[in-house]
Every structure is written in C-alpha cells, then in structure tokens.
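Right, one structure below, let's go through it.
Just so you know, all these numbers are worked out from the coordinates, no wet-lab data involved. What you are looking at is a predicted structure, and each value in this text was computed from that prediction instead of being measured. Ideal geometry is used to build each Cβ from the backbone, glycine not excepted, and the neighbour counts take in all protein chains shown.
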Amino acid sequence: MHISFGAQHIVRGVSLMLEQGEIGCLLGPSGCGKTTLLRAIAGFQNLQSGSIQIDSNEVSNNNYTLPAEKRGVGMVFQDFALFPHLNVADNISFGMRKASSQERRQRVDELLDRVGLPGYHKRFPHELSGGQQQRIALARALAPKPGLLLLDEPFSSLDAELRERLAVEVRELLKKEGITALLVTHDQQEAFAMADKAGVMYQGELLQWDTPYQLYHQPRHQLVADFIGHGVLLQGTVNTEGSLASPLGMLEHPSLQQVAAGTPVSFLVRPDDVVPDDNSRLRGTIKARGFRGAHNLYTVELPSGIEILTLSPSHEGFSVGSDIGLRPEFDHLVVFAADHCELPGFHDQAPTVQPLPSVLPKAKSA
C-alpha cells in the first residue's frame, strides 16, 4: 500500500499479513510511518494505492474506504481515551449498544475477571492507576469481540517494569480471546514480549516482516540490524582465501567463499558475540559501563579507535579505563554487502574465528 500527504510519501510499498489469532508488531523510529499505517487499517486514513483486507474482505483501496465503525476493528490508544464521566462498567460496555443489558453485564464481568480487576464496575477512571486504566481501555476494545485489534503505543506512558509485565499479560489475554492484533511501538522488549510477527519500518518502508527471533538473529538489512538490539556494524574485507579480514581478526565462514576477493562488507557484532578473555591477544580499553542487573554492558574501544559492546557478569566488574582482553565467539555471522542487504547463506552454520597474528603486541594492563 502507499500513503501520501501531498507530495510527502509517508508509507511506501508496505505489504504484510497476519493469520487469525496472530499478534503482529510494527517497530521503528518516530516518523517512520507506523502510526499512519495503523490509522489506515483502522479506516482513518485513505490509501493512494494498494488495498487492505480484513477477514478476506477488502475495506480500503485507492477509490474506496469503508468507514471505521463498520470494519469490526477495535483500537487502544496510548492515552487510554477512557470517558471520564463514565464508570468502569459503562466504559467497557460503551461499544456494545446492540447487545442486551444481560449480555453487556456478562461481558463486563468476564472481561474484568480476565484483566484482573473484578469488582471495579463502579469506579471512575480518575480512581484508577495508569496500569489499571490501560487494562480497562483494553477490556473496552475487546468487549465487542472485534475481528482485529489495533494498539498504538499502548504502554508508552507507563514505567518500564509495568510495561514489560502488561505486555505479557496482554498477550495472554489476546490469545485467550483468540483476537488478531497489530501493535505499534518503538520499544523492542515490548514487541518481543507480545508479537508472533514483527516488522521494522524506516522512512515509510517495511524493511523486514518476520518472527522476532529472525529479526534479532537474522536481520536482512543493515538498518534492521542497527535498530534491533545493541549491535555494532563493523567493516571488513573478504580476502583471497575467502576469509573476512576484520578488526576482530580473521573470520571464516563457508558462505564467504561465494564472495569475490576484495569485496568490502559490513558485519554485525552484538554484545554476546565478543566475550572478555584475559588470554586473548585482542585488547581494548573500557570506555563506559552500564549496569544491567545480572550483567554489565561495556563499551570497549579497540586500538583502531573502533568501539564495540560486550557483556560480563556484574559480579566480575571491570573498571572504566582498564585494559580488557576480548575473544570473538560468534554463533552465526550476519554480513551485509554494499547495498545494505544481507548476503545469502550466512546462517547455515557458525563461523570460525582465527586469532589475530602473533606479532600484535599484547597491551599492558591498566
């Protein structure tokens, strides 16, 4: 599909699909077009080309837009959008006008039990915490049993711990209800906790639509690799022996044999791809340390001036400014050509790492 505002292209050539009961997530930086795409699916935004189908029914194309209220789509907004003058029960049942009074009461009771707030019928939004308000907003969206639920940054106003807990709870609730859902967020942990399928958008384009596991471990574009996780892209060159000459040493992988000698490439290094090792000839200087609970995340500067990230158990603390040995330990190698796309065949088996030449002097300890 394609969406423009005047001469500005907001969404370009996006195509994705969710099966019944799947939960999808759109990730990307602010302004990438993910919320505009969500609004188009909801029926609030026209298309310039392409189409949108819900349950095999076309609801939008470049000549027609089915009104939002006729799409059977529920929506949860980041500001909750609860009616302040209505109590919890009336908020939840608001979209069930065609149901009988008994059906509305039964559905409200059922949903309050499912969101963990039984007995909250008579409370008003201002009497609820942020997390409770979000649960009620979700219950209201689920009350009419929509064919599709859209969630626009639903946890952005909540603290990090509550966001993570609610993401897991909401996924369980959606699975119990059998609801197909599409979430928009910039929070990767939120996406990983909720989604069966996820995609990264950049400047209106969907760079990759895949499982969260594939997005993290097998990114198909440099921008996906850069956005997902704490990765660093380093430069290297394939030599005549089919090895990758890199700042971490000579990396070998069978698929490198397919790449012409002298080809410059980028490869992805995540914190768990490089481990501290005092016996390694590869040395670096710790420039920063971030506490992550069980682990510390270190920013390490190599002699070349390149910075990479590594993890170490937090009880084995290294001080900022100290010398550290590093050993590459890749499970798989993600290599990109000059056009930013992943080179084929790099996930069949783990690469091997040759140590740096013995002529490299070992740095003195700080």
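Considering only beta bridges that DSSP places wholly inside the chain, some 75 percent are antiparallel. For Leu183, the residues whose modelled amide H falls within less than 5 Å of its own, excluding neighbours fewer than 5 places apart on the same chain, are Gly24, Cys25, Leu26, Leu151. Projected onto planes of every orientation and averaged, the convex hull of the alpha-carbon atoms in the range 230-354 covers 7.7 nm².
Between Tyr213 and Ser304, the contour length at 0.36 nm per residue exceeds the Cα-Cα span by 29.5 nm. Computed 3J(HN,Hα) for the range 158-169, one whole-Hz value per residue from the Karplus formula 6.51 cos²θ - 1.76 cosθ + 1.60 where θ = phi - 60°, is 9, 6, 4, 5, 5, 4, 5, 5, 5, 4, 5, 5, glycine and proline marked x. Counting only DSSP beta bridges whose two residues both lie in the range 3-217, roughly 45 percent are antiparallel. R0 = 51 Å: FRET efficiency of Phe291 with Ser100, Cβ-based, nearest 0.05? My answer for the efficiency is 0.35. Under the simplified labelling scheme, the Ala81-Gln258 pair shows an inter-label distance of 4.6 nm, with each label point 7 Å from Cα along Cα→Cβ. Near the amide H of Val334, within less than 5 Å, lie the amide hydrogens of Leu268, all on another chain or at least 5 residues away, with H placed in the peptide plane. Residues in the range 142-149 carry Karplus couplings, in order, of 7, 3, x, 6, x, x, 8, 10 Hz; the curve used is 6.51 cos²θ - 1.76 cosθ + 1.60 with θ = phi - 60°, and Gly or Pro positions show x.
Counted residue by residue at 0.36 nm each, then reduced by the alpha carbon distance between them, the extension gain from Asn239 to Ser30 reaches 71.3 nm.
Could you calculate the FRET efficiency of Ser56 with Asp272 from 1/(1 + (r/R0)^6), where r is the beta carbon distance between them and R0 is 45 Å, rounded to 0.05? The formula returns an efficiency of 0.60 here. Counting 0.36 nm for each residue step from Asp90 to Ala7 and taking away their Cα separation leaves a gain of 25.5 nm. Electrostatic tally near Ile10: other residues with Cβ closer than 12 Å to its Cβ, Lys and Arg +1, Asp and Glu -1, net +2. Sequence-ordered 3J(HN,Hα) estimates for the range 16-23 from the Karplus curve with 6.51, -1.76 and 1.60 and θ = phi - 60° stand at 8, 8, 10, 7, 4, x, 7, 10 Hz, glycine and proline given as x. Amide H contacts of Glu205: Arg12, each under 5 Å away and 5 or more positions distant or on a separate chain (H built 1.01 Å from N in the peptide plane; Pro and chain starts excluded).
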